[in-house]
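Here the structure is laid out as structure tokens; the discussion comes afterwards.
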Amino acid sequence: MLKCNKELWSGPKKCNNNNMNKSLPEASNALTLGILSIVITLFCCGPFGAILGFIGLSKAKKAESIFNLNPGEYSGYDNIKTGRILSYIGIGIAAMYLLFFIIYFGAIIAYLIALFALQGCQIQ
């Protein structure tokens, strides 16, 4: 919020506030994609959440490189860190989701193979 000197009204004034930093580009995108990677992985489907997590990591990397070029010019570095952490969590949940399904369907296939082998049937 910009603050001007309090004086009697003499028309609109423009404040010169050089302490205001610009918002860091791509930082809010990284944060949003990190949140979406967790939500979509948990409530919809894992692969799409993992994809959003990887995109969030690339946005965070891009925002960090912009920040490192001119650290005093931008604000919002915390959004980069939070977005990166949430993206890693979303990718981790998606990986556990994938591992669960591999084990689950592997167990079903192993059971069916054993069942057919015990009955003397051949799988073709």
Checklist entry - Within the range 23-67, can you find the residues that are at pLDDT 90 or above, of a type in the set (S, T, N, Q), over 18 Å from Ala94 (Cβ atoms) and surrounded by fewer than 16 Cβ atoms within 10 Å (Cβ to Cβ)? => result Ser65
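State whether one or more residues within the range 69-76 are of a type in the set (D, E, K, R), farther than 26 Å from Leu99 by Cα and either at pLDDT 95 or above or surrounded by 14 or more Cβ atoms within 10 Å (Cβ to Cβ) (or both).
no
Would a scan of the range 79-99 turn up a residue that is aromatic (Phe, Trp, Tyr) and either under 26 Å from Ala30 (Cα atoms) or not in a helix (DSSP H, G or I) (or both)? Talk me through it step by step, then tell me what you get.
Pass one, the range 79-99, residues aromatic (Phe, Trp, Tyr): 88, 97.
Applying the additional criterion that residues be either under 26 Å from Ala30 (Cα atoms) or not in a helix (DSSP H, G or I) (or both) yields 88, 97.
Yes, some residue in the range 79-99 is aromatic (Phe, Trp, Tyr) and either under 26 Å from Ala30 (Cα atoms) or not in a helix (DSSP H, G or I) (or both).
Inspect the range 110-120 for any residue being closer than 20 Å to Pro25 by Cβ and surrounded by fewer than 11 Cβ atoms within 10 Å (Cβ to Cβ) and give the result as yes or no. If you could, list the steps in order and put the result at the bottom.
Narrowing the range 110-120 to residues closer than 20 Å to Pro25 by Cβ: none.
Scanning the range 110-120 turns up no residue that is closer than 20 Å to Pro25 by Cβ and surrounded by fewer than 11 Cβ atoms within 10 Å (Cβ to Cβ).
If you take the residues of the range 86-102 that are of a type in the set (Val, Ile, Thr) and surrounded by 14 or more Cβ atoms within 10 Å (Cβ to Cβ), which of them is nearest to Gly49 (Cα to Cα)?
Ile91
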Item to check | Hey, Ile123 surrounded by fewer than 16 Cβ atoms within 10 Å (Cβ to Cβ), more than 16 Å from Leu33 (Cα to Cα), at pLDDT 95 or above and among the aliphatic types (A, V, I, L, M) or not | outcome: no
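The values are calculated or read from the model by the stated rules, or taken from the named source; none is laboratory data. This one's a predicted model, so the numbers in the text were calculated from it and none came from an experiment. Cβ sites come from the backbone with ideal geometry, for glycine too, and all protein chains shown count toward neighbours.
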